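Before any comments, here is the structure.
The values are calculated or read from the model by the stated rules, or taken from the named source; none is laboratory data. Here the structure is a predicted model, which is why all the values come from computation and not from measurement. No Cβ is skipped: glycine too gets one built from the backbone with ideal geometry, and neighbour counts run over all protein chains shown. To get the accessible areas, we keep the full protein, side chains included, count just its heavy atoms, and leave off ligands, DNA and RNA. Shrake-Rupley method; radii C 1.70, N 1.55, O 1.52, S 1.80 Å.
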Amino acid sequence: MACPGTFSDEPLSPAGRLFLQRKTDVVIHCIARTKNPIDVDGAKATIMSSPMGQHPRFCSLLVRDENGFEHWRKTRLDVDRHVIVVKNRVNEDEEDDEVAVNRYVADLSVSSPLSTDKPLWEVHLLTAHKHVVFRIHHSLGDGISLMSMLMASCRKVSDPDALPMMVPEKTTEKRRDSPWLLGSMWGFLKMAWLTLVFVLEFLLRSLFVSDRKTAVSGGDGVELWPRKLATAKFLLDDMKEVKKAIPDTTINDVLFGIVSCGLSRYLDHRTPNALHEGLRMTGVAMVNLRAKPGLQEISKLMKDNSETRWGNRFGYASLINYKLLCNTTFTISNLIGPLEDITLSGNPISSIKVSTSSLPQALTMHMVSYAGKAEMQILVAKDIIPDPEFLAKCFEDALLEMKVAAKEADKA
């Protein structure tokens, strides 16, 4: 099937080229668990009629010109080359479907690049496990773009003709009034000072300063080491209860609190009495630069003049990317998913999880919320962090402890 529209070769964006570099060749893995058996033919038909089968990026080959610069070139899409059907269990020794699929994806995360003789995406149908694994190269778009496109292919369980609700309704919070001029001046000075501090710290961290080595540190070449994948599970209501107890706090703030507390628990378990005051571990967090936060309507993403347009739109420096990853301890991201239960090709989805291929760091974490739950995929270099399941429990216990503290503070 040919892709709609006509266009000449289109050059890649700087961020797109970043994700094609040898040491930072990043593939996004999205795991969807279905409640019913997978209809292979129905899945293929859905893909071809969905935005994924129609989008120019997903119908284009990666080509390089005589000067070595990368471009997108339209091609004819053969869905049978992109849909990989795995009929047997991926691990006969593992009865738990989630654990077996996590092992499968962990193996894909290292030294399993997407073939450049076809558009840079695949869909693996693990029929014995009732799981779908989307493998999409990061050069095709960022998490917001790709999740928005996936949601445009889904429908509500409660209304099979309606698209999923993707952006929560905003609640108005009371804020203390302050003189307009004084507040504006203070806000500007604070912004300028913090910007200067963060820029200097970012340059130092990228070029000269690295985190102190701990039991979870990675480094140059670790992206080639074997991986393990585990899942930490949270309730959004628990995270919201913690958020409510602390003024001017976001869910992202709660997530970083969970990670900080959980890592402290884990390091104290791995290296008792080794934690000391002032130990600092730095994480890399991608920041969405679109004017509108959260998932987007696919039609708006496709408009060239849209403030929410398609692509990789996040704050990050590409020239010093690999050095920065080597000098820091972990990468983390958080993505708002569907607010209610959805179906894909008419099949109800019970879980959505996201991870990426390996990086120089020994620890990467990606959280996605779905219908009142949040699941964080924890990808680790298994020779450095051999027990990611225990690390996941450390994060889960950290949230529960924070929830108890929030309730006690509310009573006080």
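Candidates are the residues of the range 192-217 that are surrounded by 15 or more Cβ atoms within 10 Å (Cβ to Cβ) and not aliphatic (A, V, I, L, M); the one that is nearest to Ser369 (Cα to Cα) is Ser217. Of all the listed residues (Lys35, Lys44), the sole one being charged (D, E, K, R) and over 24 Å from the mean Cα position of the chain (by Cα) is Lys44. Within the bounds of the range 23-45, is there any residue that is among the polar types (S, T, N, Q) and open to solvent by 80 Å² or more (accessible area, probe 1.4 Å)? No, the range 23-45 has no match at all. Could you please find all residues in the range 360-385 being farther than 14 Å from Leu335 by Cα and small (Gly, Ala, Ser)? Of everything in the range 360-385, those that are farther than 14 Å from Leu335 by Cα and small (Gly, Ala, Ser) turn out to be Ala362, Ala381. Summed over the range 32-52, residues that are in a helix (DSSP H, G or I), of a type in the set (A, V, I, L, M, F, W, C) and modelled with pLDDT of 90 or more total 5.
Restricting attention to the range 352-380, the residues that are in contact with a strand residue (DSSP E or B) (Cβ under 8 Å, 6 or more places away or on another chain) and more than 24 Å from Gly257 (Cβ to Cβ) add up to 2. Pairs meeting the criteria (first residue in the range 120-132 and more than 15 Å from Asp41 (Cα to Cα), second residue part of a loop (DSSP other than H, G, I, E, B) and among the basic types (Lys, Arg), beta carbons under 8 Å, at least 6 apart or on different chains) are Ala128/Lys87; Ala128/Arg89; His129/Arg89. Residues in the range 161-200 that are within 30 Å of Gly337 (Cβ to Cβ), at pLDDT below 85, assigned to a loop (DSSP other than H, G, I, E, B) and not hydroxyl-bearing (Ser, Thr, Tyr): Met165, Met166, Val167, Pro168, Glu169, Lys170, Glu173, Lys174, Arg175. Tallying residues that are open to solvent by 40 Å² or more (accessible area, probe 1.4 Å), part of a strand (DSSP E or B) and touching a helix residue (DSSP H, G or I) at 6+ places or on another chain (Cβ under 9 Å) within the range 53-90 yields 3.
Suppose we filter Ser148, Ser115, Ser109 for residues that are open to solvent by 20 Å² or more (accessible area, probe 1.4 Å) and of a type in the set (Gly, Ala, Ser); which single one remains? Sole residue among the options that is open to solvent by 20 Å² or more (accessible area, probe 1.4 Å) and of a type in the set (Gly, Ala, Ser): Ser115. Taking Met402 as the residue in question, decide whether it is at pLDDT 95 or above and in a helix (DSSP H, G or I). So Met402 fits the description; yes. Close Cβ contacts (under 9 Å, 6 or more residues apart or on different chains) running from residues in the range 71-90 that are under 20 Å from Lys130 (Cα atoms) to residues that are among the aromatic types (Phe, Trp, Tyr) comprise His82/Phe58; His82/Trp121; Val86/Tyr104; Val90/Tyr104.
Here's the yes/no breakdown for (1) open to solvent by less than 20 Å² (accessible area, probe 1.4 Å); (2) touching a residue at least 60 places away in the same chain (Cβ under 8 Å); (3) of a type in the set (S, T, N, Q); (4) closer than 15 Å to His131 by Cβ:
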position: Gly337; (1), (2), (3), (4): yes, yes, no, no
position: Ser355; (1), (2), (3), (4): yes, yes, yes, yes
position: Ser358; (1), (2), (3), (4): yes, yes, yes, no
position: Ala371; (1), (2), (3), (4): no, no, no, no
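Checked against (1) open to solvent by 70 Å² or more (accessible area, probe 1.4 Å); (2) modelled with pLDDT under 90, Leu279 meets all criteria but (1). Within the range 352-363, the residues that satisfy the criterion of being of a type outside the set (A, V, I, L, M, F, W, C) and either touching a helix residue (DSSP H, G or I) at 6+ places or on another chain (Cβ under 8 Å) or farther than 11 Å from Ile31 by Cα (or both) are Ser355, Thr356, Ser357, Ser358, Pro360, Gln361. Checking each residue in the range 141-160 for being in contact with a strand residue (DSSP E or B) (Cβ under 8 Å, 6 or more places away or on another chain) and modelled with pLDDT under 90 picks out Asp142, Gly143, Ile144, Leu146, Met147, Leu150, Met151, Ser153.
State which residue is farthest from the chain's Cα centre (by Cα) when the search covers only the range 241-260 and only residues that are closer than 22 Å to Thr356 by Cβ and open to solvent by less than 20 Å² (accessible area, probe 1.4 Å). The selected residue is Ile258.
When the range 97-113 is limited to residues that are hydroxyl-bearing (Ser, Thr, Tyr) and assigned to a loop (DSSP other than H, G, I, E, B), the one that is modelled with the highest pLDDT turns out to be Ser109. Exactly one residue out of Asp220, Asp238 is within 30 Å of Pro386 (Cβ to Cβ) and open to solvent by less than 60 Å² (accessible area, probe 1.4 Å), and it is Asp238.
Using the structure shown, decide if Lys233 is more than 20 Å from the chain's Cα centre (by Cα) and either open to solvent by 70 Å² or more (accessible area, probe 1.4 Å) or closer than 18 Å to Leu325 by Cα (or both). In short, no.
Here the range 379-399 is the region considered, the condition is being in contact with a Phe, Trp or Tyr (Cβ under 8 Å, 6 or more places away or on another chain) and either among the β-branched types (Val, Ile, Thr) or part of a loop (DSSP other than H, G, I, E, B) (or both), and the residue that is farthest from Leu108 (Cα to Cα) is Ile384.
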